[in-house]
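Take a look at the structure below.
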Amino acid sequence: MHPEYRKGFVLTLLGVLIFTPDALLIRLTNLEFFSLTVGRGTIGGLAILLGLALYYRRDFKKQILAIGGWGLVLAVLQGSFTWTFYGALKNTSVANVLVFLASVPLIAALMTKMFLQDEIQKPTWIAIGTAVFGLLIVGSRGLTGGNWLGDFLALMSAVIMAGFFTVVRGRRAVNLIPATGFGLLLAALVASPFAVFPEMSSSQWVYLIVGAGFVLPVALALLTLGPRYIPAPEAAMLTLLETVLGPLWVWLIIHEAPSFQTLMGGAMILLALSWMSIMTILETQKKKTSISK
């Protein structure tokens, strides 16, 4: 395994693992949408920028200016993801949201094909078709249960996150972590005129600070660094751990069990992505063998 690939894999994996309890912390914070967006966006955005300022010191301004126009695009994507992700969690189950996010690797594969001219193999197309069917199963419950808005926002979150990974991969020579901080602040700024700031309990403050002050900025920083060194679809495939561990945290702590449709659709998506991963590895080994000969 190439050292840079290993570095990207480890950074992305750590980012995903740290991010897995985030949906639970949002549930436990228990704030209305706009207040949640302002609170988490402000704390998370300032935490990222403060951390960068302490790390780079005199070069901090240089790092900010280096993000360029694509950094602004990434900031908008980050801000949009914040809105759609929180909105989805407020309108449907955590399990549904995370199952829709499991489609990120497939969407990222399509985006890298369109914008980065990456080749998509036949197994990937098969996986895409299977995953779409799985998403339709998950979404069918939203149509019958009245929470179609939450499922739609979850799907939009997946599209935006795939775009996020694609931009990071396409501009891998640039450190785009400052853009994620600006994106969180942008989401907070847009939400602030509509937010109501209720009196919060000590436990709510703890959940908010742990989630927005540590989990969110650290995970975002790692998920912005990791995909610079590995293909966007492969980086996105590691987010599947969130699909498995996220609902597990929620089920263990607040007993929000996933529905049968969610389990079935999620299983199909995981099967499709496992198939894509295995076939990609086999294809890579085949190419290495042919080159060695």
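With every protein chain present, what is the per residue accessible area of the chain (1.4 Å probe, Å²)?
Ligands and nucleic acids excluded, the result is 48 Å² per residue.
Apply the membrane-span-like helix rule to the chain: whole DSSP H runs, Cα extent along the own long axis of at least 27 Å, mean Kyte-Doolittle hydropathy at least 0.0. List the helices found.
Result, helices passing both filters: 33-56, 68-91, 122-145, 148-170, 260-292.
So for the pair ILE126, TYR5, with labels modelled 7 Å out along Cα→Cβ, what separation do we get in nm?
2.2 nm
For the range 1-105, with all protein chains present and a 1.4 Å probe, just round the carbon and sulfur fraction of the accessible area to a whole percent.
68 percent
With mean projected area of the Cα convex hull in nm² as the read-out, I listed [x] 16.0; [y] 14.9; [z] 16.7; which label goes with the value calculated from this structure?
[x]
Is the range 31-87 best put as rounded, prolate or oblate by its Cα gyration tensor, with a ≥ b ≥ c the root eigenvalues, rounded for a/c under 1.5, and otherwise prolate when a/b is larger than b/c, oblate when not? Don't jump to the answer; show the numbers that get you there.
Working: a/c = 4.59, a/b = 1.65, b/c = 2.78.
Cα axes put the range 31-87 in the oblate bin.
Given the DSSP H assignment, sum -39500 (n - 2.57) over each helix run of at least 4 residues in the chain and divide by its residue total; what's the result at 222 nm in deg cm²/dmol, nearest 500?
-26500 deg cm²/dmol
For the chain, what relative contact order do you get, as a whole percent, if you take Cα pairs closer than 8 Å and at least 6 residues apart? The partial results should precede the final answer.
Details: 447 pairs, mean separation 121.2, N = 293.
Result for the chain is 41 percent.
The values are calculated or read from the model by the stated rules, or taken from the named source; none is laboratory data. Just so you know, these numbers come straight off a predicted model, no measurement behind them. Cβ: placed from backbone, ideal geometry, glycine included. Neighbour counts: every protein chain shown. Accessible surface is based on the protein model in full, side chains and every heavy atom, while ligands, DNA and RNA are left aside. Shrake-Rupley method; radii C 1.70, N 1.55, O 1.52, S 1.80 Å.
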